[in-house]
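To start, the structure itself, in structure tokens.
The values are calculated or read from the model by the stated rules, or taken from the named source; none is laboratory data. Because the structure is a prediction, the values reported are computed rather than measured. Glycine gets a Cβ as well: all are built from the backbone with ideal geometry, and neighbour counts include every protein chain shown. In case anyone asks, the SASA skips ligands and DNA or RNA and just uses the protein heavy atoms, side chains included. Shrake-Rupley method; radii C 1.70, N 1.55, O 1.52, S 1.80 Å.
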Amino acid sequence: MRSLLLSLALLAALFAAAPAHAQFANRSLGLSAGYMNFNNTQSLSETFFIGFDASLYIESGFEVVSLTKLTFPYDPISGQRVVGIAPSLGVRYLFLEESIRPYLGADLSYLHVFKPAGDSNYVGLGPNAGLDFFVSDSISLGVRAQYNFYLALNERVQTSLILSGGTAVHF
């Protein structure tokens with residue numbers, strides 16, 4: 001009798017159990033640091049930046065990404081350091097979704113530079129490529145390269161090469 005009750009309990013547990021699902025960390029927050037070279041910009045020099053990253057995995061290898069950069073470029077016109085903020089929103093495609101994740105993407109960005117003579121505003125679009133490497137189940141290290149084309153009223157198209165490295169926590 002005891003083995004019959006045990007068998008019925010085991011059978012009931014098997015039918016009531018939900019199927020197993022693999023856990024996939026589909027969100028991330030990170031910090032990055034990098035270099036921006038304003039190639040054709042008349043009023044800004046190259047600069048280092050601190051970045052705050054976030055991503056959300058959509059499906060089939062696609063992610064929505066956000067990167068906000070805080071910069072301190074040198075303004076040749078005023079002769080001093082200025083502050084710039086550059087938020088961006090984009091999408092990227094992960095070629096692999098394992099512990100090494102190469103990707104290609106595109107970002108729509110905005111650059112606002114606070115200057116003594118008057119603020120400057122730019123809207124940009126840029127392709128990017130990168131590689132993330134997971135050092136644990138939830139922490140990755142990565143490198144990224146991006147080339148932005150910035151548009152502003154009454155100015156020619158400005159370009160910027162961006163190189164960065166960072167770390168992210170996936171949850």
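Please sort by residue number the chymotrypsin sites (Phe, Trp or Tyr not before Pro) in region 29-132 whose DSSP state is loop and whose Cβ has at most 15 other Cβ atoms within 10 Å.
The qualifying sites are F95.
When the accessible area of region 37-171 is split by element with a 1.4 Å probe, what percent falls to carbon and sulfur?
Exposed carbon and sulfur together represent 67 percent of the surface.
Remind me, relative contact order of region 92-171 in percent, using alpha carbon pairs under 8 angstrom and six or more residues apart?
After rounding, I find 23 percent.
Put +1 on the Cβ of each Lys and Arg and -1 on the Cβ of each Asp and Glu in region 80-163; which of A106, I162, A129 then has its Cα farthest toward the positive end of the dipole?
I162
What GluC sites (Glu not before Pro) does region 31-83 have in DSSP loop regions with at most 16 other beta carbons within 10 Å?
E46
For region 92-103, what does the Karplus curve 6.51 cos²θ - 1.76 cosθ + 1.60, with θ = phi - 60°, yield as ³J(HN,Hα) per residue in whole Hz, taken in order and with x for Gly and Pro?
Running phi through 6.51 cos²θ - 1.76 cosθ + 1.60 with θ = phi - 60° gives 9, 10, 8, 6, 10, 10, 9, 6, 10, 10, x, 8 Hz.
Looking at region 67-171, which trypsin sites (Lys or Arg not before Pro) are in a loop (DSSP not H, G, I, E or B) and have at most 15 other Cβ atoms within 10 Å?
Taking region 67-171 and a limit of 15 other Cβ atoms within 10 Å, the loop trypsin sites (Lys or Arg not before Pro) found are R156.
Accessible area per residue of region 78-147 at 1.4 Å probe, in Å²?
52 Å²
Given Cβ point charges of +1 (Lys, Arg) and -1 (Asp, Glu) and nothing else, what value in debye, to the nearest 20, does the dipole of region 43-116 about its Cα centre take?
Roughly 360 debye for region 43-116.
Check N26: other-chain or 5+ apart residues with amide H under 5 Å from its amide H, H built from backbone geometry?
Those lying under 5 Å, H to H, from N26 are F171.
Would you work out the charge dipole size for region 48-171 about its Cα centre, treating the Cβ of every Lys and Arg as +1 and the Cβ of every Asp and Glu as -1, and quote it to the nearest 20 debye?
For region 48-171, the charge dipole is close to 460 debye.
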